[in-house]
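Some notes on the structure that comes next.
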Amino acid sequence: ALDIARQGGDVIVTYRGSLEQAEAVVADIRALGRKAIALPLDMAQTASFPAFADSLGSALASVWGRATFDHLINNAG
């Protein structure tokens, strides 16, 4: 996420267990002059996906003024 920000990208960080760690990454990205947010997402809880999609849509609209994103990088672990 930090490398993406260093290259000029904005980032949506997802986290499962540690909001504090996710917020620290978001703060580091913002310190680089990029936009970033953290959203909770547990891939093992598929019932939570609609709520995540709603949160994602709201974040895209409020932070970036758009309804879509350009790239998805999935990194588990």
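The values are calculated or read from the model by the stated rules, or taken from the named source; none is laboratory data. As the structure is a prediction and not an experimental result, all values here were calculated from the model. Backbone-built Cβ (ideal geometry, glycine too); neighbour counts: all protein chains shown.
Values for this structure:
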{"item": "Pairs, first touching a residue at least 60 places away in the same chain (Cβ under 8 Å) in the stretch 60-77, second outside any loop (DSSP other than H, G, I, E, B), C-beta under 8 Å, six or more apart", "result": "73/4"}
{"item": "Cβ pairs under 7 Å, 6+ apart, first in the stretch 39-53 and within 13 Å of residue 14 (Cα to Cα), second surrounded by fewer than 14 Cβ atoms within 10 Å (Cβ to Cβ)", "result": "41/16; 42/16"}
{"item": "Members of the stretch 54-77 that are closer than 12 Å to residue 14 by Cα, under 13 Å from the mean Cα position of the chain (by Cα) and either of a type in the set (A, V, I, L, M) or modelled with pLDDT under 95 (or both)", "result": "56, 72, 73, 74, 75"}
{"item": "Test: residue in the stretch 61-71 that is part of a loop (DSSP other than H, G, I, E, B), of a type in the set (D, E, K, R) and surrounded by 12 or more Cβ atoms within 10 Å (Cβ to Cβ)", "result": "no"}
{"item": "Test: residue in the stretch 8-16 that is free of Cβ contacts under 8 Å to residues at least 24 places away in the same chain and surrounded by fewer than 15 Cβ atoms within 10 Å (Cβ to Cβ)", "result": "no"}
{"item": "Selected residue (criterion: farthest from the chain's Cα centre (by Cα)) from residues of the stretch 1-36 that are in a helix (DSSP H, G or I) and of a type in the set (Gly, Ala, Ser)", "result": "31"}
{"item": "The one condition in (1) of a type in the set (A, V, I, L, M, F, W, C); (2) assigned to a helix (DSSP H, G or I); (3) touching a Ser or Thr at 6+ places or on another chain (Cβ under 7 Å) that residue 39 fails to fulfil", "result": "(2)"}
{"item": "Members of the stretch 37-60 found to be closer than 17 Å to residue 16 by Cα, surrounded by 12 or more Cβ atoms within 10 Å (Cβ to Cβ) and among the aliphatic types (A, V, I, L, M), listed by number", "result": "37, 38, 39, 41, 43, 51, 56"}
